[in-house]
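The values are calculated or read from the model by the stated rules, or taken from the named source; none is laboratory data. None of the values given here were measured: they were computed from a predicted structure. As a convention, Cβ positions derive from the backbone with ideal geometry for all residues, glycine included, and neighbour counts pool all protein chains shown. Calculation scope for accessible area: heavy atoms of the full protein, side chains included, ligands and nucleic acids excluded. Shrake-Rupley method; radii C 1.70, N 1.55, O 1.52, S 1.80 Å.
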Amino acid sequence: MDEVSRFGGRVTSRDGTTVAYERYGDGGGPPLVLVGGAPGAADGRVLAGLLARCLPVVAYGRREHGDAGREVEDLAAVLAAAGPGAAVHGTGTGGTLALAAAAAGLPVGPVSVYEPPYSGAALGRVSARVLVVDGGSSPAETRRAARELAAALPRARHRTLTGQTHEVAPHVLAPVLAGFLTEELLLEGVLPEGALPEGRRDGGPF
(Lines give C-alpha, C1' and ligand atoms only; values in the text may rest on other atoms or scores of the structure.)
Protein backbone atom coordinates (compact mmCIF):
# COMPACT_ATOMS: atom_id res chain seq x y z
CA MET A 1 0.00 0.00 0.00
CA ASP A 2 1.26 3.47 -0.83
CA GLU A 3 2.18 5.60 2.14
CA VAL A 4 -0.38 8.28 2.97
CA SER A 5 -0.02 11.22 5.28
CA ARG A 6 -1.79 11.05 8.62
CA PHE A 7 -2.20 13.47 11.49
CA GLY A 8 -4.39 13.66 14.56
CA GLY A 9 -6.62 16.36 15.92
CA ARG A 10 -9.32 17.05 18.48
CA VAL A 11 -12.63 18.85 18.45
CA THR A 12 -15.05 19.75 21.22
CA SER A 13 -18.61 18.51 21.05
CA ARG A 14 -21.57 20.61 22.14
CA ASP A 15 -21.57 19.22 25.69
CA GLY A 16 -17.84 19.85 26.12
CA THR A 17 -16.69 16.31 25.34
CA THR A 18 -13.38 16.09 23.48
CA VAL A 19 -13.51 13.98 20.32
CA ALA A 20 -10.23 12.71 18.84
CA TYR A 21 -9.88 12.15 15.12
CA GLU A 22 -7.26 11.20 12.53
CA ARG A 23 -7.07 12.69 9.06
CA TYR A 24 -5.56 10.64 6.24
CA GLY A 25 -4.32 11.90 2.90
CA ASP A 26 -3.83 15.39 1.57
CA GLY A 27 -5.73 15.27 -1.71
CA GLY A 28 -8.20 17.90 -2.82
CA GLY A 29 -11.96 17.77 -2.69
CA PRO A 30 -14.36 17.17 0.19
CA PRO A 31 -13.22 14.51 2.69
CA LEU A 32 -14.99 11.35 3.74
CA VAL A 33 -15.78 10.97 7.45
CA LEU A 34 -15.76 7.35 8.66
CA VAL A 35 -18.14 6.48 11.48
CA GLY A 36 -17.04 3.22 13.09
CA GLY A 37 -19.36 0.45 14.15
CA ALA A 38 -18.26 0.48 17.78
CA PRO A 39 -17.63 3.23 20.34
CA GLY A 40 -14.08 3.82 21.52
CA ALA A 41 -10.89 4.31 19.55
CA ALA A 42 -10.86 5.62 15.99
CA ASP A 43 -12.19 2.85 13.79
CA GLY A 44 -11.48 1.82 10.21
CA ARG A 45 -7.78 2.61 9.92
CA VAL A 46 -7.17 0.07 7.14
CA LEU A 47 -10.18 1.31 5.17
CA ALA A 48 -9.09 4.91 5.75
CA GLY A 49 -5.61 4.17 4.46
CA LEU A 50 -6.98 2.61 1.27
CA LEU A 51 -9.46 5.40 0.56
CA ALA A 52 -6.93 8.13 1.34
CA ARG A 53 -5.08 7.24 -1.85
CA CYS A 54 -8.00 8.88 -3.67
CA LEU A 55 -9.56 11.40 -1.27
CA PRO A 56 -9.01 12.85 2.21
CA VAL A 57 -10.46 10.68 4.97
CA VAL A 58 -11.30 11.50 8.60
CA ALA A 59 -11.78 8.71 11.17
CA TYR A 60 -12.77 9.52 14.73
CA GLY A 61 -13.34 7.81 18.06
CA ARG A 62 -16.97 7.51 19.09
CA ARG A 63 -17.78 8.16 22.74
CA GLU A 64 -18.20 4.98 24.77
CA HIS A 65 -21.23 6.21 26.69
CA GLY A 66 -23.88 8.57 25.40
CA ASP A 67 -27.24 8.74 23.74
CA ALA A 68 -27.84 9.09 20.03
CA GLY A 69 -28.35 12.83 20.31
CA ARG A 70 -24.93 13.34 21.86
CA GLU A 71 -23.34 11.17 19.20
CA VAL A 72 -24.97 13.26 16.47
CA GLU A 73 -23.46 16.33 18.13
CA ASP A 74 -20.05 14.64 18.14
CA LEU A 75 -20.36 13.90 14.43
CA ALA A 76 -21.43 17.50 13.81
CA ALA A 77 -18.21 18.70 15.46
CA VAL A 78 -16.10 16.34 13.35
CA LEU A 79 -17.89 17.41 10.17
CA ALA A 80 -17.19 21.05 10.99
CA ALA A 81 -13.49 20.24 11.33
CA ALA A 82 -13.49 18.11 8.16
CA GLY A 83 -14.78 20.96 6.01
CA PRO A 84 -17.78 21.78 3.80
CA GLY A 85 -19.51 19.04 1.86
CA ALA A 86 -17.90 16.12 3.67
CA ALA A 87 -19.29 12.71 2.78
CA VAL A 88 -20.04 10.16 5.51
CA HIS A 89 -19.69 6.39 5.66
CA GLY A 90 -20.91 4.30 8.57
CA THR A 91 -20.50 0.60 9.28
CA GLY A 92 -22.98 -1.22 11.55
CA THR A 93 -24.28 1.16 14.21
CA GLY A 94 -22.07 3.81 12.63
CA GLY A 95 -24.37 3.63 9.62
CA THR A 96 -27.37 4.21 11.85
CA LEU A 97 -25.63 7.25 13.29
CA ALA A 98 -24.74 8.57 9.83
CA LEU A 99 -28.39 8.36 8.75
CA ALA A 100 -29.58 9.98 11.98
CA ALA A 101 -27.19 12.86 11.38
CA ALA A 102 -28.41 13.30 7.81
CA ALA A 103 -32.04 13.19 8.99
CA ALA A 104 -31.23 15.82 11.63
CA GLY A 105 -30.11 18.20 8.91
CA LEU A 106 -26.35 18.08 9.37
CA PRO A 107 -24.55 19.43 6.28
CA VAL A 108 -23.42 16.12 4.82
CA GLY A 109 -22.54 15.17 1.27
CA PRO A 110 -23.19 11.65 -0.05
CA VAL A 111 -23.78 8.99 2.62
CA SER A 112 -22.91 5.28 2.48
CA VAL A 113 -23.75 2.62 5.06
CA TYR A 114 -22.78 -1.01 5.48
CA GLU A 115 -25.30 -3.29 7.18
CA PRO A 116 -26.65 -0.82 9.75
CA PRO A 117 -29.17 -2.17 12.27
CA TYR A 118 -32.68 -0.74 12.19
CA SER A 119 -32.58 3.01 11.96
CA GLY A 120 -34.96 5.01 14.11
CA ALA A 121 -34.14 8.12 12.11
CA ALA A 122 -36.85 9.91 10.18
CA LEU A 123 -35.64 8.41 6.90
CA GLY A 124 -37.92 10.61 4.81
CA ARG A 125 -35.89 13.61 5.95
CA VAL A 126 -32.63 12.27 4.54
CA SER A 127 -32.07 14.38 1.43
CA ALA A 128 -28.54 13.11 0.74
CA ARG A 129 -27.88 10.44 -1.83
CA VAL A 130 -27.26 7.16 0.01
CA LEU A 131 -25.57 3.88 -0.90
CA VAL A 132 -26.74 0.93 1.21
CA VAL A 133 -24.35 -2.02 1.10
CA ASP A 134 -24.59 -5.56 2.47
CA GLY A 135 -22.60 -8.77 2.22
CA GLY A 136 -23.69 -11.63 0.02
CA SER A 137 -22.77 -14.14 2.74
CA SER A 138 -24.52 -12.26 5.54
CA PRO A 139 -27.74 -13.69 7.03
CA ALA A 140 -30.83 -13.39 4.86
CA GLU A 141 -32.49 -11.16 7.46
CA THR A 142 -29.58 -8.70 7.34
CA ARG A 143 -29.69 -8.55 3.56
CA ARG A 144 -33.46 -8.07 3.54
CA ALA A 145 -33.13 -5.21 6.04
CA ALA A 146 -30.58 -3.52 3.78
CA ARG A 147 -32.91 -3.72 0.79
CA GLU A 148 -35.82 -2.39 2.82
CA LEU A 149 -33.68 0.47 4.11
CA ALA A 150 -32.69 1.46 0.59
CA ALA A 151 -36.33 1.39 -0.47
CA ALA A 152 -37.35 3.59 2.47
CA LEU A 153 -34.82 6.32 1.71
CA PRO A 154 -35.79 9.01 -0.82
CA ARG A 155 -32.55 8.90 -2.84
CA ALA A 156 -30.84 5.56 -2.27
CA ARG A 157 -29.40 2.62 -4.13
CA HIS A 158 -28.50 -0.85 -2.92
CA ARG A 159 -25.38 -2.95 -3.51
CA THR A 160 -24.48 -6.48 -2.39
CA LEU A 161 -20.82 -7.50 -2.12
CA THR A 162 -20.45 -11.14 -3.14
CA GLY A 163 -18.87 -13.38 -0.53
CA GLN A 164 -18.73 -10.72 2.20
CA THR A 165 -20.15 -10.96 5.72
CA HIS A 166 -20.68 -8.29 8.37
CA GLU A 167 -16.90 -8.28 8.81
CA VAL A 168 -16.40 -6.85 5.35
CA ALA A 169 -12.89 -6.86 3.87
CA PRO A 170 -11.62 -3.26 3.56
CA HIS A 171 -10.00 -3.91 0.17
CA VAL A 172 -13.39 -5.07 -1.17
CA LEU A 173 -15.39 -2.21 0.31
CA ALA A 174 -12.94 0.60 -0.51
CA PRO A 175 -13.33 0.68 -4.32
CA VAL A 176 -17.12 0.48 -4.02
CA LEU A 177 -17.19 3.51 -1.71
CA ALA A 178 -14.65 5.40 -3.83
CA GLY A 179 -16.66 4.79 -6.98
CA PHE A 180 -19.94 5.89 -5.39
CA LEU A 181 -18.48 9.02 -3.81
CA THR A 182 -16.57 10.04 -6.93
CA GLU A 183 -19.65 9.60 -9.11
CA GLU A 184 -21.78 11.71 -6.77
CA LEU A 185 -19.17 14.46 -6.42
CA LEU A 186 -18.69 14.57 -10.20
CA LEU A 187 -22.44 14.93 -10.66
CA GLU A 188 -22.46 17.79 -8.18
CA GLY A 189 -19.56 19.47 -9.99
CA VAL A 190 -17.41 19.32 -6.86
CA LEU A 191 -14.68 17.20 -8.49
CA PRO A 192 -13.24 17.67 -12.00
CA GLU A 193 -13.42 14.87 -14.57
CA GLY A 194 -10.59 12.39 -14.07
CA ALA A 195 -10.28 13.15 -10.36
CA LEU A 196 -10.05 9.43 -9.54
CA PRO A 197 -7.37 7.40 -11.34
CA GLU A 198 -8.72 4.90 -13.88
CA GLY A 199 -9.08 1.46 -12.32
CA ARG A 200 -10.07 2.81 -8.93
CA ARG A 201 -13.69 3.46 -9.70
CA ASP A 202 -16.52 1.30 -8.47
CA GLY A 203 -15.32 -2.31 -8.38
CA GLY A 204 -11.79 -1.53 -9.56
CA PRO A 205 -8.66 -2.82 -7.81
CA PHE A 206 -7.21 -1.09 -4.78
If the chain between Glu148 and Ala20 were fully extended at 0.36 nm per residue, the gain over the current Cα-Cα distance would be 42.7 nm
Region 40-98, accessible area per residue, ligands and nucleic acids excluded (1.4 Å, Å²): 32
Quick one: of the DSSP bridges fully inside region 1-126, what percent are antiparallel, nearest 5? 50
MRE, 222 nm, helices only [DSSP H, n ≥ 4, -39500 (n - 2.57), over the chain, to nearest 500]: -10000 deg cm²/dmol
Between exposed GluC sites (Glu not before Pro) in the chain, where DSSP calls loop and at most 14 other Cβ atoms lie within 10 Å, what's the longest gap? 65-166
Among [x] 16.7, 67; [y] 15.6, 44; [z] 19.6, 62, the entry that matches Rg and Dmax of the Cα atoms in Å as calculated here: [y]
Rounded to the nearest percent, how much of the accessible area of region 95-181 (1.4 Å probe, protein heavy atoms only) is carbon and sulfur? 50
With a/c under 1.5 counting as rounded, go ahead and sort region 1-86 into rounded, prolate or oblate using the C-alpha gyration tensor (a ≥ b ≥ c being the square roots of the eigenvalues; past the cut-off, prolate if a/b is larger than b/c, else oblate). prolate
Remind me, relative contact order of region 62-179 in percent, using alpha carbon pairs under 8 angstrom and six or more residues apart? 19
Cα centroid separation - region 1-29 against region 64-129, whole Å: 17
When 1/r is averaged over all different Cα pairs and the result inverted, which Kirkwood radius in Å belongs to region 26-131? 13.4
How high is the relative contact order of the chain, given as a whole-number percent (alpha carbon pairs under 8 Å, six or more residues apart)? 15
Can you tell me which of Val11, Val33, Val57 moves the most in a GNM of the chain? Springs connect C-alpha atoms under 10 Å apart. Val11
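Rounded if a/c is under 1.5, else prolate if a/b beats b/c, else oblate: with a ≥ b ≥ c from the C-alpha gyration tensor eigenvalues square-rooted, which is region 87-142?
prolate
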For Ser5, solvent-accessible area (1.4 Å; no DNA, RNA or ligand), Å²: 50
